[in-house]
Amino acid sequence: MAKNSSLAFADRAVAEAPTSYGKLLDWVKEVAELTEPDSVYWVDGSQEEYDRLAGELVEAGTFVKLAEDKFPNSYAAFSDPADVARVEDRTFICSEKEEDAGFTNNWMDPSEMKGILKDTFAGSMHGRTMYVIPFVMGHLEADDPKFGVEITDSAYVVNSMRIMARIGTDVLKKMEETEAFFVPALHSVGAPLEEGEADVAWPCNETKWIVHFPEERSIWSYGSGYGGNALLGKKCYALRIASVMARDEGWLAEHMLILKLTNPEGKSYTISGAFPSACGKTNLALIEPTIEGWKAETLGDDITWIRPGKDGEFRVVNPEAGYFGVAPGTGWGTNPNAMKAIAQGNSIFTNVALTDDGGVWWEGMTDEVPAHLTDWRGNEWTPESGTPAAHPNSRFCTPIDQTEMLADEYHEPNGVKLDAILFGGRRKTTIPLVTESFDWEDGIFKGATLSSETTAAAVGAVGVVRRDLMAMLPFIGYDAGDYLEHWVKVSGEVDQAKLPKIYLVNWFRRNRDGGFAWPGFGENSRVLKWVVERLEGTADATETPVGFVPTADSLDLSGLELSAADLEDALRVDAEEWKDEVASIEEWFARFGASLPASIAGQLDGLRQRVNG
Ligand code: GTP
Ligand code: MN
Ligand code: MN
């Protein structure tokens with residue numbers, strides 16, 4: 001009985017759809033029959049719709065509306081305490097062959113996984129609305145727009161997706177007109193409501209599945225309402241699925257910021273940078289340069305698609321439309337450009353603290369700590385409480401076009417020429433402030449061995465070096481060795497003279513007294529200046545066994561109080577440290593097995609010889 005009526009319902013949902021695109025209608029019908037929602041709603045992406053859904057979320061207790069004079073048109077949401085982050089152990093790459101998922105991913109046989117998921121999603125939207133969100137990652141006007149459709153039973157996801165991606169009617173129209181391929185991305189919080197059952201503010205399920213089928217280019221996400229698990233355009237599509245598309249189509253999908261830098265002569269350069277989480281992408285993307293006459297503008301803070309252009313160059317584009325940034329540590333002192341964007345409103349905050357006058361607060365937002373707050377779990381909070389007021393992984397979700405320093409090139413549908421790539425991690429020792437690679441392949445080696453130390457905030461031992469290749473460890477949608485091979489091969493798609501130069505940076509090296517050797521933040525503009533002058537061929541460098549490092553007087557240190565000892569500690573290449581590093585890289589490379597490209601293994605041999613020679 002129930003099945004028959006839901007079938008009729010699914011037919012009706014399709015008949016009332018604002019599109020005649022058969023492939024999409026078939027999928028929507030299939031999902032409606034499987035998940036059995038109360039109703040189907042096609043998202044148009046309008047402001048009116050956003051406001052209406054936000055009102056419903058306030059009504060449901062999911063959203064708290066913030067004071068209009070503080071954060072206009074903005075809301076705070078509070079998750080289930082067990083649903084606060086990406087769940088890497090529940091994330092799967094279900095390629096046909098296990099070896100194609102590689103050692104960095106969880107894998108299960110795709111047909112077995114499909115069986116589990118179909119059982120899990122059956123009836124999972126009972127009592128809820130099923131929202132259909134047409135979206136495009138990157139620009140609708142791009143030569144090769146990358147479409148997706150997210151089906152979700154969460155209005156929080158709909159409104160967050162409207163900030164993070166281009167969604168709605170225009171996208172649907174173009175998809176239909178061009179009969180475009182789209183990534184079907186299915187999401188359910190996994191909390192069906194039975195007849196008369198009351199909802200909770202943050203529905204989710206203890207069981208979580210974040211599953212990717214790379215050959216089919218599809219995504220199934222169950223049980224979590226949180227960011228990276230639920231906003232499927234971001235990590236799931238724009239990194240994991242897109243990295244597979246990129247492998248097959250000859251480009252790169254990377255975990256990188258994009259920054260435009262203009263020198264006093266008015267010449268501009270585009271620099272992208274891959275740093276693991278909490279290693280400063282958003283900070284560098286929104287940098288306030290401290291050197292006279294240099295201007296920084298941002299294009300993106302988290303994801304970069306790198307594609308060969310028509311003139312033999314690599315071009316970069318930010319596929320996203322918003323920030324989903326870690327809130328704690330983002331403050332008027334450390335990142336005023338982010339704060340200015342947030343203060344314009346139109347934002348959704350998740351798991352931050354509430355101030356008594358209808359605003360939000362998180363650790364590090366202001367120097368002065370409020371005397372009283374409501375913490376992210378809804379409890380009274382004072383500075384004596386001894387617990388963080390905002391969850392350490394609390395987030396701000398803010399439209400990128402509210403950034404004052406947004407570069408015009410952000411709006412270029414096919415991106416802008418890339419001049420340099422930075423790889424960076426958090427290392428107390430060994431890695432100099434900045435090192436220029438000998439060549440493209442050495443640059444890939446530097447990315448392949450990128451590493452960062454675990455901090456006190458993370459579970460486990462502190463200061464342990466964890467390798468995070470190209471800052472993509474949790475995001476590569478296929479075998480990690482094949483991914484490195486693809487980096488080697490993709491350079492063949494462009495003019496060798498136009499290949500970006502690759503740099504390894506480390507803002508976190510310690511000096512002989514245990515403090516930071518380099519002041520970091522805005523002062524990193526001095527390193528960027530050296531990078532640009534290397535591109536122009538004007539800055540000096542010392543050739544070391546690990547690459548080209550600035551000479552003491554090639555860095556612009558005017559107006560900076562930095563002792564000669566600190567400078568030396570920041571730039572030093574220490575043979576003993578590098579012998580340990582080589583041994584550590586050998587262990588890391590052993591994990592790749594046979595899929596480590598010979599050319600990258602050869603780079604390690606070269607480094608070993610230079611370090612020992
Ligand atoms: P995700 O968004 O999680 O991928 O991280 P992210 O790479 O955007 O990191 P973010 O910019 O949020 O950096 C956060 C941490 O890095 C904070 O603890 C900052 O204080 C620290 N940080 C950023 N830049 C610098 C710097 O130049 N020097 C030092 N010492 N710390 C920095
Ligand atoms: Mn960030
Ligand atoms: Mn990230």
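We did not get these values from a lab; they are worked out from the coordinates using the rules stated. If you're wondering where the values come from, they're calculated on a predicted model, not measured in any experiment. Every residue, glycine among them, receives a Cβ derived from its backbone with ideal geometry; neighbour counts consider all protein chains shown.
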- Where does region 248-371 land on the Kirkwood hydrodynamic radius, alpha-carbon pairs, in angstrom? 16.3
- Query: Over region 218-277, what is the mean sequence separation of C-alpha contacts under 8 Å (at least six apart), divided by residue count, expressed as relative contact order in percent?
  - Reply: 20
- Message: With every atom except the alpha carbons ignored, what do you get for Rg and Dmax of region 60-176, in angstroms?
- Response: 18.2, 55
- Item | Anchor Lys498: lysines whose Cα lies under 25 Å away (excluding residues fewer than 8 positions away in-chain) | Lys260, Lys267, Lys281, Lys295, Lys310, Lys417, Lys446, Lys489, Lys529
- Note on the structure: As a Kirkwood estimate from alpha-carbon pairs, region 326-394 has a hydrodynamic radius in angstrom of 12.1
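So what's the net charge close to Asn612: Lys and Arg +1, Asp and Glu -1, counting the other residues with Cβ under 14 Å from its Cβ? Before the final figure, lay out each step's value.
Details: positive: Lys579, Arg608, Arg610; negative: Asp574, Glu576, Glu577, Asp580, Glu581, Glu586, Asp605.
So the surrounding residues net to -4.
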- Note on the structure: Taking the square root of 5λ for each eigenvalue of the C-alpha gyration tensor of region 100-255, the equivalent ellipsoid has semi-axes, largest first and in whole angstrom, of 26, 20, 13
- Which lysines does Lys70 reach when only Cα atoms under 26 Å apart count, and residues fewer than 8 places away in its own chain are ignored? Lys340
- Long-range amide H contacts for Ala67: which residues qualify at under 5 Å (H placed 1.01 Å from N, peptide plane, sequence gap of 5 or more or a different chain)? Gly359
- Quote the charge dipole size of the chain about the Cα centre in Debye, to the nearest 20; the model charges only the Cβ of Lys and Arg (+1) and of Asp and Glu (-1). 620
- Query: What residues have an amide H closer than 5 Å to that of Ser218, excluding those fewer than 5 places away on the same chain, when H is modeled at 1.01 Å from N in the peptide plane?
  - Reply: Phe213
- Task: Apply the Kirkwood formula to region 443-546: the hydrodynamic radius equals the inverse of the mean of 1/r over all pairs of different alpha-carbon atoms; give it in Å with one decimal.
- Result: 16.6
- Message: If you restrict to DSSP beta bridges whose two residues both lie in the chain, what percentage is antiparallel, to the nearest 5?
- Response: 70
- Per-selection metrics, region 475-526 (Cα): Rg and Dmax in Å: 17.4, 47
- Message: How large is the translational diffusion coefficient of region 516-613 in µm² per second when you combine the Kirkwood radius over alpha carbon pairs with Stokes-Einstein at 37 °C and 0.692 mPa s?
- Response: 210
- Message: Test of the criteria: in region 289-383, which chymotrypsin sites (Phe, Trp or Tyr not before Pro) are in a DSSP loop and have at most 14 other Cβ atoms within 10 angstrom of their Cβ?
- Response: Trp332
- Message: What does the charge count around Cys204 come to, taking other residues whose C-beta lies under 10 Å from its C-beta (Lys +1, Arg +1, Asp -1, Glu -1)?
- Response: -2
- Using the Kirkwood radius over Cα pairs, work out the Stokes-Einstein diffusion coefficient for the chain at 10 °C and 1.306 mPa s, in µm²/s as a whole number. 63
- Message: Given the options Gly424, Gln496, Trp251, identify the residue whose Cα lies farthest towards the positive end of the charge dipole of the chain (+1 on Cβ of Lys, Arg; -1 on Cβ of Asp, Glu).
- Response: Gln496
- Item | Karplus-derived 3J(HN,Hα), 6.51/-1.76/1.60, for each residue of region 357-372, Hz, glycine and proline x | 9, x, x, 10, 8, 8, 4, x, 5, 10, 5, 7, 8, x, 6, 8
- Note on the structure: Note to self, the chain gives a 222 nm [θ] from helices alone (DSSP H runs n ≥ 4, -39500 (n - 2.57) apiece, / all residues, nearest 500) of -8000 deg cm²/dmol
- Query: Taking K and R as +1 and D and E as -1, what net charge do the other residues with C-beta under 10 Å from the C-beta of Phe78 add up to?
  - Reply: -1
- Task: Distance between Cα centroids, region 334-380 to region 566-590: provide it in whole Å.
- Result: 40
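If you build the Cα gyration tensor of region 295-425 and take the root of 5 times each eigenvalue, what three semi-axes come out, in whole angstrom, biggest first? Please list the in-between numbers first.
Working: eigenvalues 253, 37, 30 Å².
Rounded to whole Å, the semi-axes are 36, 14, 12.
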- Note on the structure: Mean separation of Cα contacts under 8 Å (at least 6 apart) over the residue count of the chain, i.e. the relative contact order in percent, is 14
- Note on the structure: Computed from every Cα-Cα pair in region 295-345, P(r) in 10 Å bins starting at 0 and rounded to whole percents is 20, 41, 25, 12, 1
